[in-house]
Amino acid sequence: MERDTNLAEVAKLNFDVENIRKDFPILNRSIKGKPLVYLDNAATTQKPKSVIERTSTYYLNENSNIHRGVHTLSQLATEYYENSRSIIKKFLNASSNEEIIFTRGTTESINLIANTFGRKFIKEGDEIIISHMEHHSNIVPWQILCEERGAILKVAPINEHGELLIDEFERLITSKTKLVSLIHASNTLGTINLIKKITEISHSHGIPVLVDGAQAVSHIPIDMQDLDCDFYAFSGHKVYGPTGIGVLFGKKNLLDELPPYQGGGDMIRSVTFEKTTYNDLPFKFEAGTPNIVGAIGLGEALSYVSKVGVETIALYEQELLNYATKVLSEINELKIIGTALEKTSIISFVLKDIHPHDVGTILDNEGIAVRTGHHCTQPLMKRFNIPATTRASFAFYNTKKEIDMLSEAIKKVIKVFS
Ligand code: PMP
């Protein structure tokens, strides 16, 4: 498939990738005597100096627990933590800070909804719709819930390109459908789903929509009020922030209706042995001491991304994707899995009958980090009749030169096995 190129537009961006790379110290290191070519960004992204320095400053100078202290350090830590929430609210264009819940990551955000929304609204015979391209994190929590409740999990099909069949999706909706939970961008195929359209369709049937945004927030502009989805989940570490921190966005009126997720400190208003009342949003869903430094680091990461510009990043990464698609398509033995028209900068591929783990190992010897395996999407592997793929996933600090190095290394792999 031929993809459009945006060279002229990228040239206009005033985007200097070599300057950007200076912000990411790890990119200077070598692996097995070769310069690191980091193409495993869908698994986790590298961290800019500003995030590393911000988290280290916190521990060097500011460490304290939040919300309960009258002393200066506690008040400062609280201020920084809550300021991060404001940065995230702005980044997502949410309506208020009450809609931003800190979690451990995408997985916990989805489990939070499965546990709370599920407990309150899912009954025997009810239906939940997901798609064939979901990550295990957006399959297993619903399977657990459906098993507990006697509910039914329905799966919307995709085509050979890895695009969701929207008409088929709509046909799955019945009066029993209580929730739609879909991936925004596929971690295996790169496919970007038309979430706005899916939300419109679902809402016209009165069904709320949860979106797994783990692979979208770092690549395309995200606007909660425009998408109009009800819940949105993402992980800090996939958007240049720390691990162990993530976000659940939820519309306030819906979050207000949900029971708490975990019980403990911070999520209560008052406790007696007879009865506990719960705190206001967002604290109702943040039991126990949270990942304070993670939240602050995530705020710093999103500030960094905003400074570079999400639109700029999207355009540059599309250019990388177009280039990589062209260069890799020229290798006869290579087949790209996932050829949707709308894609993020991910290329999954198979090399004839060479096992992806062998590909990954040889690429590692060349200093190139890619991911191999099922990418936590086993049903998707089955859909394409393959056990695994090799996945190169690009970030805005990657270069065309690195794509050329990948291409040359793949040719070496083919030679070794021929
Ligand atoms: N969904 C998608 C699409 C993902 O790519 C990932 C991470 N690979 C997850 C969910 C889970 O994210 P985390 O492990 O950070 O909770």
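The values are calculated or read from the model by the stated rules, or taken from the named source; none is laboratory data. Since the model is a prediction, treat every value here as computed from it, not as a measurement. With ideal geometry, Cβ positions are generated from the backbone for all residues, glycine too; neighbour counts draw on all protein chains shown. With ligands, DNA and RNA removed, areas are computed over all heavy atoms of the protein, side chains included. Shrake-Rupley method; radii C 1.70, N 1.55, O 1.52, S 1.80 Å.
For every residue, the table says whether it meets (1) assigned to a strand (DSSP E or B); (2) assigned by TED's automatic domain parsing to the domain that holds PHE285; (3) among the hydroxyl-bearing types (Ser, Thr, Tyr); (4) away from the ligand (no atom under 16 Å from the Cβ).
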{"site": "GLU160", "(1), (2), (3), (4)": "no, yes, no, yes"}
{"site": "ARG171", "(1), (2), (3), (4)": "no, yes, no, yes"}
{"site": "THR199", "(1), (2), (3), (4)": "no, yes, yes, yes"}
{"site": "PHE234", "(1), (2), (3), (4)": "yes, yes, no, no"}
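The residues of the stretch 261-286 that are surrounded by 18 or more Cβ atoms within 10 Å (Cβ to Cβ), within 24 Å of the chain's Cα centre (by Cα) and part of a loop (DSSP other than H, G, I, E, B), listed by number, are TYR261, LEU281, PRO282, GLU286. Could you tell me which residue of the stretch 201-232 is farthest from the ligand (Cβ to nearest atom), considering only residues that are of a type in the set (Ser, Thr, Tyr) and touching a residue at least 12 places away in the same chain (Cβ under 8 Å)? Once the filter is applied, the top-ranked residue is SER202.
Scanning the stretch 124-140 for residues that are away from the ligand (no atom under 11 Å from the Cβ) and open to solvent by less than 50 Å² (accessible area, probe 1.4 Å) yields GLY125, ASP126, GLU127, ILE128, ILE129, ILE130, SER131. Can you find even one residue in the stretch 311-324 that is touching a Phe, Trp or Tyr at 6+ places or on another chain (Cβ under 8 Å) and without any contact (Cβ under 8 Å) to a residue 60 or more places away in the chain? Taking every residue of the stretch 311-324 in turn, none turns out to be touching a Phe, Trp or Tyr at 6+ places or on another chain (Cβ under 8 Å) and without any contact (Cβ under 8 Å) to a residue 60 or more places away in the chain.
Of the residues making up the stretch 27-53, those that are within 15 Å of ASN398 (Cβ to Cβ) and open to solvent by 70 Å² or more (accessible area, probe 1.4 Å) are ASN28, PRO35. Within 14 Å of ALA395 (Cα to Cα) and surrounded by fewer than 19 Cβ atoms within 10 Å (Cβ to Cβ), is that true of ALA324? Judged against the criteria, ALA324 is not a match. Considering only residues in the stretch 361-389 that are more than 16 Å from the ligand (Cβ to nearest atom) and outside any helix (DSSP H, G or I), the one that is surrounded by the fewest Cβ atoms within 10 Å (Cβ to Cβ) turns out to be ASN385. Entry remark, the stretch 61-81: residues being modelled with pLDDT of 95 or more, of a type in the set (D, E, K, R) and open to solvent by 40 Å² or more (accessible area, probe 1.4 Å) number 1 in total. Here is the figure for the stretch 64-77: residues that are farther than 17 Å from GLU300 by Cβ and part of a helix (DSSP H, G or I) total 4.
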